[in-house]
Amino acid sequence: MENVLRPVIVVGGSVVLTVLVGWATDRLLRKANAGHPETPLWGLLRRGSIPYQLVLCAALLRGSYDQAELLEAHQVAVGRTLTLVLIGSAAWLVIRIAGAVVETSYSRYARAHRDPARVRRVRTQVSLIMRVVSAVVGVVAASAMLLTFPAMRTAGTSLLASAGILGIVAGVAAQSTLSNIFAGLQIAFGDMVRIGDTVVVNGEWGTVEEITLTFLTVRTWDERRITMPVSYFTSQPFENWSRGGSQMTGIVYFHLDHSAPVEAMRDKLRDFLRECPAWDGRAFGLQVTDTTPNTMQVRALVTAKDADDIWTLRVTVRERMIRWLSEAHPYALPRVNTANAVPPPSRNGHAWADGAARGGHASPEDSVPATHESPEGRMRKAYESSRTGRG
């Protein structure tokens with residue numbers, strides 16, 4: 001009877017004690033979270049309830065398993081398994097606690113500072129710090145697990161002896177990986193690019209969505225994801241539209257006829273911007289920036305608080321201005337002139353006046369002096385004479 005009760009008491013007592021301690025801890029965290037709503041720490045610590053209970057259960061079983069006298073033939077294997085579970089759950093719990101502390105610190109900083117650029121910088125640093133902590137804890141836990149095996153402890157001396165050669169080989173083999181890791185740290189603490197920044201890389205416009213120690217993900221405007229090594233941002237030029245502030249200036253170009261009403265367009269642009277919520281009210285302008293033989297180039301300048309609003313503002317101004325021109329001033333839109341060209345004045349200066357007196361418009365014949373009849377005039381007279389002769 002004792003052989004049956006002993007394992008039940010040891011194993012069952014460990015499990016029951018783990019459940020009771022876990023439940024009591026969760027209740028305390030709930031009360032702390034309700035009493036301090038200004039900080040999310042206590043609520044975030046509840047995420048570690050599962051690894052916390054695993055640590056308690058594995059520690060209790062590992063310490064009392066010898067008294068259970070259960071599976072004595074496999075006592076070494078069971079003890080090593082419990083040790084591995086204890087190490088793994090302890091590493092999991094450490095990562096959860098570190099994540100709760102770091103996220104709480106970031107939340108407090110975000111509430112205390114209203115500058116979006118500084119908040120994005122801290123967010124990038126916090127995310128990379130968490131990745132570094134997770135990687136270090138994972139490596140330490142894996143090493144501790146391996147050292148529980150006698151064969152690995154025996155091989156440790158020889159591995160340390162050849163650490164120099166192995167380090168050189170590993171450095172050469174993982175050169176690109178190591179460069180990306182150092183580049184990730186440089187990006188995190190050098191404030192080159194942050195999560196949420198609007199960037200242009202390789203001609204693609206998008207928002208930085210994720211930064212890790214080895215790669216960076218950019219979400220484009222059409223919902224695509226571009227994954228690039230972080231070393232690219234430390235070795236290649238790129239555009240960061242959010243650096244130094246999110247406010248932006250946008251430009252809209254119009255190619256119009258030379259007779260376009262520029263002053264009326266300037267007034268209408270002001271009216272459009274006052275009705276558009278994307279305009280931040282900082283500045284606007286409309287100027288003629290270039291001319292060609294057929295058109296002139298008009299530039300509209302507008303401002304907005306960020307890249308998304310400047311895009312919305314540009315397309316809105318372009319659409320509404322073209323619609324207004326087509327309805328109120330259709331002559332201002334570019335067109336192909338198919339009318340006869342106005343002839344130059346004659347040498348004696350009387351041909352235009354004569355043509356205007358006869359019909360109000362100068363003809364090609366009018367531009368030629370009276371003493372020198374043009375070839376077209378002679379052909380017309382010959383044609384009329386032939387008709388008169390037939391009549």
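The values are calculated or read from the model by the stated rules, or taken from the named source; none is laboratory data. Not measured: the values here are computed from a predicted model. Using ideal geometry, Cβ is built from the backbone for each residue, glycine included, and neighbour counts are taken over all protein chains shown. Surface accessibility is based on the protein's heavy atoms, side chains included, excluding ligands, DNA and RNA. Shrake-Rupley method; radii C 1.70, N 1.55, O 1.52, S 1.80 Å.
The residues listed here are Leu128, Leu146, Leu160; of these, the one that is among the hydrophobic types (A, V, I, L, M, F, W, C), open to solvent by 80 Å² or more (accessible area, probe 1.4 Å), outside any loop (DSSP other than H, G, I, E, B) and at pLDDT 70 or above is Leu146. Restricting the stretch 294-318 to residues that are within 27 Å of Thr198 (Cα to Cα) and more than 26 Å from the chain's Cα centre (by Cα) leaves a set whose member that is least open to solvent (accessible area, probe 1.4 Å) is Ala300. If only residues of the stretch 228-268 that are at pLDDT 90 or above and among the acidic types (Asp, Glu) are counted, the one that is least open to solvent (accessible area, probe 1.4 Å) is Asp257. May I ask you to list the residues in the stretch 276-287 that are farther than 10 Å from Gln247 by Cβ, in contact with a strand residue (DSSP E or B) (Cβ under 8 Å, 6 or more places away or on another chain) and surrounded by 15 or more Cβ atoms within 10 Å (Cβ to Cβ)? Correct list: Ala278, Trp279, Phe284, Leu286. Residues that are of a type in the set (A, V, I, L, M, F, W, C) and touching a residue at least 40 places away in the same chain (Cβ under 8 Å) within the stretch 222-237 comprise Val230, Phe233, listed in sequence order.
Of all residues in the stretch 286-309, those that are over 16 Å from Phe272 (Cβ atoms) have Cβ atoms under 7 Å from Cβ atoms of residues that are in a helix (DSSP H, G or I), 6 or more apart or on another chain, in Val288/Val262.
Tallying residues that are hydrophobic (A, V, I, L, M, F, W, C) and within 17 Å of Val102 (Cβ to Cβ) within the stretch 30-52 yields 4. The set of residues from the stretch 197-212 being assigned to a loop (DSSP other than H, G, I, E, B) and open to solvent by 30 Å² or more (accessible area, probe 1.4 Å) comprises Asn202, Gly203. Going through (1) outside any loop (DSSP other than H, G, I, E, B); (2) at pLDDT 90 or above one by one, Asp308 falls short only on (2). Restricting the search to the stretch 33-42, which residues are under 28 Å from Gly88 (Cα atoms) and out of contact with any Pro (no Cβ under 9 Å at 6 or more places or on another chain)? Correct list: Pro40, Leu41, Trp42.
Annotation note: Cβ proximity below 8 Å between a residue of the stretch 251-272 that is on the phi > 0 side of the Ramachandran plot and of a type outside the set (A, V, I, L, M, F, W, C) and a residue that is modelled with pLDDT of 90 or more and surrounded by 15 or more Cβ atoms within 10 Å (Cβ to Cβ) (sequence gap 6+ or interchain) occurs for no pair.
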